[in-house]
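Beneath this line is the structure, given in structure tokens, with notes to follow.
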């Protein structure tokens, strides 16, 4: 690692700690004596989302979290659950060595999780992501929830 102060190539690691999903390293330069911090993190493979119109875009967990936040707005659902759902989807793809996932698949996973967490959030998310073409299909969804429990 090159020293940002003098450019020396031979810096020394004096401390390493975990910081979130990164390694925080304190380094010292033998040339100028200054100390600096670097962060090392694993580079994840790019995950693409196949959209309904057959275009692709990078998976954006913030976009997913935003959609989930809208669905659970004013509901008794902790923010940590939203982040956990987004992390689970991304980690599932990485664990299965996948480089793409469809929006329909993401939607199905989210809906299966929301069904068990909060039924109102489930209906809100479904209303935005399931393209209901008529009121009857929407009512069927609600009836399925009622029958379930």
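The numbers here are math on the coordinates, done by the rules we state, and not lab data. All values derive from a computational prediction rather than experimental measurement. When we count neighbours, we look across all protein chains shown, and the Cβ atoms used for this are built from the backbone with ideal geometry, even at glycine.
When the chain is treated as a Gaussian network with alpha carbon springs shorter than 10 Å, the biggest mean-square fluctuation among 96, 66, 41 belongs to 41. Fully extending the segment from residue 137 to residue 9, taken as 0.36 nm per residue of separation minus the present Cα-Cα distance, adds 39.6 nm.
Shape analysis of the range 26-70 yields a ratio of the Cα radius of gyration to the Kirkwood radius, Rg/Rh, of 1.36. The ranking of 110, 77 from fewest to most other beta carbons within 10 Å of each one's beta carbon is 77, 110.
Exposure proxy ranking for 3, 8, based on other Cβ atoms within 10 angstrom of each Cβ and starting from the fewest, stands as 8, 3. For the range 103-149, just say rounded, prolate or oblate: build the C-alpha gyration tensor, square-root its eigenvalues into a ≥ b ≥ c, call rounded for a/c under 1.5, and beyond that prolate if a/b exceeds b/c, oblate if not. Oblate, because a/c is 1.5 or more while a/b does not exceed b/c. Model label points for residue 94 and residue 70, set 7 angstrom from Cα along the Cα-to-Cβ axis, are 2.7 nm apart. What the pair-distance distribution of the range 13-149 shows, using all Cα-Cα distances binned every 10 Å from zero, is 10, 31, 26, 16, 10, 5, 2, 0 percent.
Compared with the dominant Cα axis of the chain, that is its longest principal axis, helix 103-117 is turned about 80°. Full extension of the chain segment joining residue 144 with residue 55 gains 28.8 nm, where the gain is 0.36 nm per residue of separation less the Cα-Cα distance. Measure nothing fancy, just the Cα-based angle from helix 135-148's long axis to the longest principal axis of the chain, in degrees from 0 to 90, nearest 10. Between helix and principal axis, roughly 80 degrees. The angle between the Cα long axis of helix 61-71 and the main principal axis of the chain comes to about 40°, on a 0 to 90 degree scale. Ordered by the count of other Cβ atoms within 10 Å of each Cβ, fewest first, 11, 55 give 55, 11.
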